[in-house]
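Asker: The structure is given below, and queries will be raised subsequently.
The values are calculated or read from the model by the stated rules, or taken from the named source; none is laboratory data. In this text the structure is predicted, and so the values were computed from the model without any measurement. Here the Cβ positions follow ideal geometry from the backbone for every residue, glycine too, while neighbour counts run over all protein chains shown.
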Amino acid sequence: LEGSVFNAGSTIQWLRDELGLIQSAPECDRLAESVPDSGGVVVVPAFTGLGAPYWDMYARGTIVGLTRGSTKAHIARAVLECIAYQTADLVRVMNADAPCPLTELRVDGGASVSDILMQIQADLLRLPVDRPTQVETTAFGAAALAGLAVGVWHGFDELAALRRSQCVFRPRRGEEACLADLARWHRAVERSRSWIENNV
């Protein structure tokens, strides 16, 4: 199964490059960690529409729940949360389609180095989130296939044994609070949908 999120890590880049709220991706983490929650702020990064499970090309990005007390730290936290919410949506529909539910989530890539994001993800999914020591899995996969072709490794079992967990994040937050956050996310998603009118 494959699920498509149109904007995840690119939303952190948007905070940095277009809004200028942060100077670097790690600064997003530091800001997000400085507040206990998003203060009710929800970001829906539908800059190019919404991918699975919504498939709405007419959706557009929204920030809802702003108050006079909202700060850039709340927005930074909401940006990290929206990545986790989108992944939670994908896992939900994958579990509905798969013959057995996921028992853990293995992560990789640039966003996976964010401890706070990985913890939010584990809390929302109620699953362990396993980050490897080598987070550039795509590059390693290409090298591994080349190594197989020239005999550096002799089989997939040998390659699989090379994977090492750097950290496993386990759910810590209460399930009820996480379900309330997901419900707020879904309300925000509905407000972003069909924003562009299709007159065709």
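Asker: Would you mind finding the one in THR103, THR133 that is touching a Leu at 6+ places or on another chain (Cβ under 9 Å) and of a type in the set (Val, Ile, Thr)? Lay out the reasoning, then the answer.
Answerer: On the way: THR133 fails: touching a Leu at 6+ places or on another chain (Cβ under 9 Å).
After ruling out the rest, the residue left standing is THR103.
Asker: While we're here: Could you list all residues from the stretch 125-161 that are loosely packed, with under 12 Cβ neighbours inside 10 Å and either in contact with a Ser or Thr (Cβ under 8 Å, 6 or more places away or on another chain) or closer than 30 Å to LEU179 by Cβ (or both)?
Answerer: THR133
Asker: Filter the stretch 114-130 for residues that are in contact with a strand residue (DSSP E or B) (Cβ under 8 Å, 6 or more places away or on another chain) and among the aliphatic types (A, V, I, L, M); which is farthest from GLN166 (Cα to Cα)?
Answerer: Going residue by residue through the stretch 114-130, those that are in contact with a strand residue (DSSP E or B) (Cβ under 8 Å, 6 or more places away or on another chain) are 115, 118-119, 121-122, 125, 127-130.
From what's left, among the aliphatic types (A, V, I, L, M): 118, 122, 125, 127, 129.
Working: MET118: 12, ALA122: 15, LEU125: 20, LEU127: 17, VAL129: 11 Å.
The selected residue is LEU125.
Asker: Which of the following residues is touching an Asp or Glu at 6+ places or on another chain (Cβ under 9 Å) and farther than 18 Å from PHE169 by Cα: PRO101, PRO45, PRO53, PRO26? So that I can check it myself, show each step before the final result.
Answerer: Details: PRO101 fails: touching an Asp or Glu at 6+ places or on another chain (Cβ under 9 Å); PRO45 fails: touching an Asp or Glu at 6+ places or on another chain (Cβ under 9 Å); PRO26 fails: touching an Asp or Glu at 6+ places or on another chain (Cβ under 9 Å).
Answer to the selection: PRO53.
Asker: Does the stretch 15-23 contain any residue that is assigned to a loop (DSSP other than H, G, I, E, B) and within 21 Å of GLN121 (Cβ to Cβ)?
Answerer: Just the residues of the stretch 15-23 that are assigned to a loop (DSSP other than H, G, I, E, B), to begin with: 18-23.
With the extra rule that they be within 21 Å of GLN121 (Cβ to Cβ), the set shrinks to 22.
Yes - at least one qualifying residue is present in the stretch 15-23.
Asker: Check the stretch 76-90 and report whether any residue there is assigned to a loop (DSSP other than H, G, I, E, B), of a type outside the set (S, T, N, Q) and within 25 Å of VAL135 (Cβ to Cβ).
Answerer: Scanning the stretch 76-90, I find no residue that is assigned to a loop (DSSP other than H, G, I, E, B), of a type outside the set (S, T, N, Q) and within 25 Å of VAL135 (Cβ to Cβ), so the answer is no.
Asker: Can you confirm whether the stretch 124-139 contains a residue that is under 19 Å from GLU33 (Cβ atoms), at pLDDT 95 or above and in a helix (DSSP H, G or I)? Spell out the reasoning first.
Answerer: So the first thing to find is which residues in the stretch 124-139 are under 19 Å from GLU33 (Cβ atoms), and the list is 124, 129, 131.
Within this subset, residues satisfying the condition of being at pLDDT 95 or above are 124, 129, 131.
Retained after the next criterion (residues that are in a helix (DSSP H, G or I)): 124.
For the stretch 124-139, residues under 19 Å from GLU33 (Cβ atoms), at pLDDT 95 or above and in a helix (DSSP H, G or I): present.
Asker: Considering only residues that are surrounded by fewer than 19 Cβ atoms within 10 Å (Cβ to Cβ) and more than 16 Å from TYR85 (Cα to Cα), look in the stretch 48-64 and name the one that is nearest to the chain's Cα centre (by Cα).
Answerer: THR48
Asker: So which residues in the stretch 39-63 are assigned to a loop (DSSP other than H, G, I, E, B) and of a type in the set (Phe, Trp, Tyr)?
Answerer: Hits for the stretch 39-63 are TYR54, TRP55, TYR58.
Asker: Separate question: Do we find that VAL43 is touching a Cys at 6+ places or on another chain (Cβ under 7 Å) and closer than 20 Å to CYS178 by Cα in this structure? Full working, then the answer.
Answerer: Working: touching a Cys at 6+ places or on another chain (Cβ under 7 Å): yes; closer than 20 Å to CYS178 by Cα: yes.
Judged against the criteria, VAL43 is a match.
Asker: When you scan the stretch 99-116, how many residues do you find that are in contact (Cβ under 8 Å) with a residue 60 or more places away in the chain and of a type in the set (Val, Ile, Thr)?
Answerer: 1
Asker: Within the group THR138, THR133, which residue is of a type in the set (S, T, N, Q) and out of contact with any strand residue (DSSP E or B) (no Cβ under 8 Å at 6 or more places or on another chain)?
Answerer: Numbers: THR133 fails: out of contact with any strand residue (DSSP E or B) (no Cβ under 8 Å at 6 or more places or on another chain).
Being of a type in the set (S, T, N, Q) and out of contact with any strand residue (DSSP E or B) (no Cβ under 8 Å at 6 or more places or on another chain) holds for just one of THR138, THR133, which is THR138.
Asker: Condition (residue is assigned to a strand (DSSP E or B) and either of a type outside the set (Gly, Ala, Ser) or under 22 Å from GLU176 (Cα atoms) (or both)) applied to the stretch 91-104: is it met by at least one residue? Don't jump to the end; show me each part of the working.
Answerer: From the stretch 91-104, those assigned to a strand (DSSP E or B) are none; that's our starting set.
Looking through the stretch 91-104, none of the residues is assigned to a strand (DSSP E or B) and either of a type outside the set (Gly, Ala, Ser) or under 22 Å from GLU176 (Cα atoms) (or both).
Asker: Also, quick follow-up: What tally of residues in the stretch 24-38 results from selecting those that are surrounded by fewer than 20 Cβ atoms within 10 Å (Cβ to Cβ), in a helix (DSSP H, G or I) and of a type in the set (Gly, Ala, Ser)? Please lay out each step first, then the result.
Answerer: Taking the stretch 24-38 as the starting set, the residues that turn out to be surrounded by fewer than 20 Cβ atoms within 10 Å (Cβ to Cβ) are 24-27, 30, 33-37.
Within this subset, residues satisfying the condition of being in a helix (DSSP H, G or I) are 25-27, 30, 33.
Of the ones still in play, those that are also of a type in the set (Gly, Ala, Ser) are 25.
Going through the stretch 24-38 one residue at a time, the tally reaches 1.
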